[in-house]
Amino acid sequence: MRTMIAIAFVLCSIAAAQGQVSVGGPFCLCIQPNARSAGMGNCTVAVTDDASACSWNPGGLAFMKGRVNVTGVFTHPVPDWDEVEYVYGACGVRVDRVGVFAGSVTHLTFGKQVATSPDSPDPIGYFEPYEIVRSIAYSRAFWDHVGLGVNYKHVRVELVPAEYTQDDEKGSGSTDATDMGVEFRAGYKIADAELLVRAGAAVLHSGSEIKFTNDEKWPLPKVALFGASGRLSYARAIDILLCAQYQRPIPEDTDIDPSGIWGVGAEFEGSFLGFRASSESEASPGFRDLLSVRLGYVVDEDGDVEGFSYGFGAGVDMSGTAVLRLDCASVPVVEGLKRPWRTQLSGSLCF
């Protein structure tokens, strides 16, 4: 018989840390795959502009920066347990007059677990449970102001091998799900500055529950997202972004009435080279440094999570042909757990 105490503790810790206790699993779908927006109160639906938009608002993927974008995220969701690791990778490609295609892989591992027999606490073996999600997305912009997108994904959970179960059936299951999203954006000229307003909505993780070989079932953590943001830019030197988002879980049990998750955030991004060029009335520089600081606040009553998020980023814009960024963020969790950090590396080619 397997020992699942450690797994249960880790799963509950991750679910509580993400405010998704009453919604369902798999738990990797409850972790936001974007460090930049995580630093702004987890506001993603009208903020993300890289390939990871396929996993949070496929409608925003239509406005992905660059022709090709690659991004990756890493975090320890429960820092008290170093064995628990979350890795996310996504790649998006823009095809002229067709739209944007993207693919992503999400992997959450729970580290080495101990299997014991029913009659003894002595180990009889070890196993490593994990969750993996593979997805492919398509998005297209209409009238240059509206983006519509869909993301199809296959979800698989491997908890325990058959040789460590009492009924000789392995604890594994899989299902398919879809994400759908829309984003509206409009630009305005204000004196020497430019204002970009965005609004978006998405429904994530729509699909049948995961059925395990031992007849256990997990409902997917289906959620609806609504968000808006405004970004004011001046001379490629200063950018100020304000954003807000509401996340509403959609539980399978209609008797559950979740309160939802609120988030607000702000980002200040500056370029020393861009500022120097604008102050000296020079042409906008081809090569720019990018430095960002972010702050947000999250309220999740059901998950017992409330507090500030914060983050920073650094990058380079190489004459408008390529952009490379490194972003980090710390997010609030339930009391008693260490705050996890998320690290993201992304790059865009604009040829």
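What the table shows:
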item: One residue from Arg198, Arg231, Arg236 being surrounded by 15 or more Cβ atoms within 10 Å (Cβ to Cβ), over 25 Å from the mean Cα position of the chain (by Cα) and not acidic (Asp, Glu); result: Arg236
item: Output for region 104-115, where each listed residue is crowded, with 17+ Cβ neighbours inside 10 Å and without any contact (Cβ under 8 Å) to a residue 40 or more places away in the chain; result: Thr109
item: Residue that is modelled with the highest pLDDT [pool: residues in region 278-288 that are surrounded by 14 or more Cβ atoms within 10 Å (Cβ to Cβ) and not in a strand (DSSP E or B)]; result: Ser278
item: Check on Pro118, exposed (fewer than 13 other Cβ atoms within 10 Å of the Cβ) and in contact (Cβ under 8 Å) with a residue 12 or more places away in the chain; result: yes
item: Breaking point among (1) farther than 24 Å from Val146 by Cα; (2) in contact with a Ser or Thr (Cβ under 8 Å, 6 or more places away or on another chain); (3) surrounded by fewer than 16 Cβ atoms within 10 Å (Cβ to Cβ), for Pro258; result: (3)
item: Test for Val305: is it over 16 Å from the mean Cα position of the chain (by Cα), buried (at least 18 other Cβ atoms within 10 Å of the Cβ) and within 20 Å of His76 (Cα to Cα); result: yes
item: Answer from Phe275, Phe268, Phe351 - the residue that is in a loop (DSSP other than H, G, I, E, B) and within 24 Å of Arg236 (Cα to Cα); result: Phe351
item: Strands (runs of 3 or more DSSP E) wholly inside region 188-256 that include at least 3 residues being among the aliphatic types (A, V, I, L, M) and under 19 Å from Cys54 (Cα atoms); result: 193-207, 223-234
item: Selection within region 167-193 - acidic (Asp, Glu), surrounded by fewer than 16 Cβ atoms within 10 Å (Cβ to Cβ) and either under 30 Å from Val146 (Cβ atoms) or at pLDDT 95 or above (or both); result: Asp176, Asp192
item: Residues of region 34-76 that turn out to be surrounded by fewer than 24 Cβ atoms within 10 Å (Cβ to Cβ) and assigned to a loop (DSSP other than H, G, I, E, B), as a count; result: 5
item: So Val87, is it touching a residue at least 24 places away in the same chain (Cβ under 8 Å) and either touching a strand residue (DSSP E or B) at 6+ places or on another chain (Cβ under 8 Å) or on the phi > 0 side of the Ramachandran plot (or both); result: no
item: Selection within region 83-103 - outside any strand (DSSP E or B) and surrounded by fewer than 14 Cβ atoms within 10 Å (Cβ to Cβ); result: Asp96, Arg97, Val98
item: Condition check for Leu159: surrounded by 14 or more Cβ atoms within 10 Å (Cβ to Cβ), on the phi < 0 side of the Ramachandran plot, modelled with pLDDT under 90 and touching a helix residue (DSSP H, G or I) at 6+ places or on another chain (Cβ under 9 Å); result: yes
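One line per residue, one yes/no per condition, for (1) without any contact (Cβ under 8 Å) to a residue 60 or more places away in the chain; (2) β-branched (Val, Ile, Thr); (3) within 24 Å of Val68 (Cβ to Cβ):
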site	(1), (2), (3)
Arg276	yes, no, no
Asp302	no, no, no
Phe308	yes, no, no
Arg342	no, no, yes
Ser348	no, no, yes
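The values are calculated or read from the model by the stated rules, or taken from the named source; none is laboratory data. The model shown is predicted, which means the values in this text are computed figures rather than measured ones. Cβ atoms come from the backbone with ideal geometry, glycine included; neighbour counts cover every protein chain shown.
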